[in-house]
Amino acid sequence: MSGGGLLLADDDVLIRRLVQPHLERAGFRTLLAENGARAWELIMTETPELIILDIEMPEMDGLGLLRLLKSIASTNSVPVIIISASYERPLQEEAKTCGAVGFLTKPFSPAQLLALIRRIAAENKKLRA
């Protein structure tokens, strides 16, 4: 993989500012995107090892980007975690059906996110921390 690291795509600047330092202290190089279109640009140039997508973002929503990632050979094996303010079970099931390996409902703690990332890392030997 050319870039590695994690990509966090969320239009909420507070989420990005809260989560990034925790990820970096845990040893993950962290890329940030404020919308789906910027996330797509970073994915195409950096090839992250894991992607964290908010569902509701401008320019391209998280589920749309997830579907796109899973339809392309170069990105279809990258694990994706979906984060959302919605507690709706059908939305969680849709994310899973689209290929998400994890789902966190906002608000969540950085510790919860790190625990999920570590579980995914244990299952996916390519992801390093």
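The values are calculated or read from the model by the stated rules, or taken from the named source; none is laboratory data. A quick note: this is a predicted structure, and the numbers were derived from the prediction, not measured. Here Cβ is always computed from backbone atoms with ideal geometry, including for glycine, and neighbour counts include all displayed protein chains.
Values for this structure:
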item	result
Residue count, the stretch 30-55 (criterion: out of contact with any strand residue (DSSP E or B) (no Cβ under 7 Å at 6 or more places or on another chain) and within 13 Å of ILE83 (Cα to Cα))	0
Any hit, the stretch 68-81, residues being surrounded by 21 or more Cβ atoms within 10 Å (Cβ to Cβ), at pLDDT below 95 and over 16 Å from LYS96 (Cβ atoms)	no
Criterion: within 18 Å of PRO110 (Cα to Cα) and either in a helix (DSSP H, G or I) or not polar (S, T, N, Q) (or both) - qualifying residue of ILE52, ILE72	ILE52
Given (1) crowded, with 16+ Cβ neighbours inside 10 Å; (2) touching a strand residue (DSSP E or B) at 6+ places or on another chain (Cβ under 8 Å), index of the condition GLU24 fails	(1)
Unmet criterion (only one of (1) more than 24 Å from GLN92 (Cβ to Cβ); (2) modelled with pLDDT of 95 or more; (3) not small (Gly, Ala, Ser)) for GLU46	(2)
Positions within the stretch 19-32 being within 17 Å of LYS106 (Cβ to Cβ) and outside any helix (DSSP H, G or I), in sequence order	LEU32
Any hit, the stretch 39-47, residues being among the acidic types (Asp, Glu) and surrounded by 18 or more Cβ atoms within 10 Å (Cβ to Cβ)	no
Qualifying positions in the stretch 86-107 - outside any helix (DSSP H, G or I), surrounded by 12 or more Cβ atoms within 10 Å (Cβ to Cβ) and over 14 Å from the mean Cα position of the chain (by Cα)	SER86
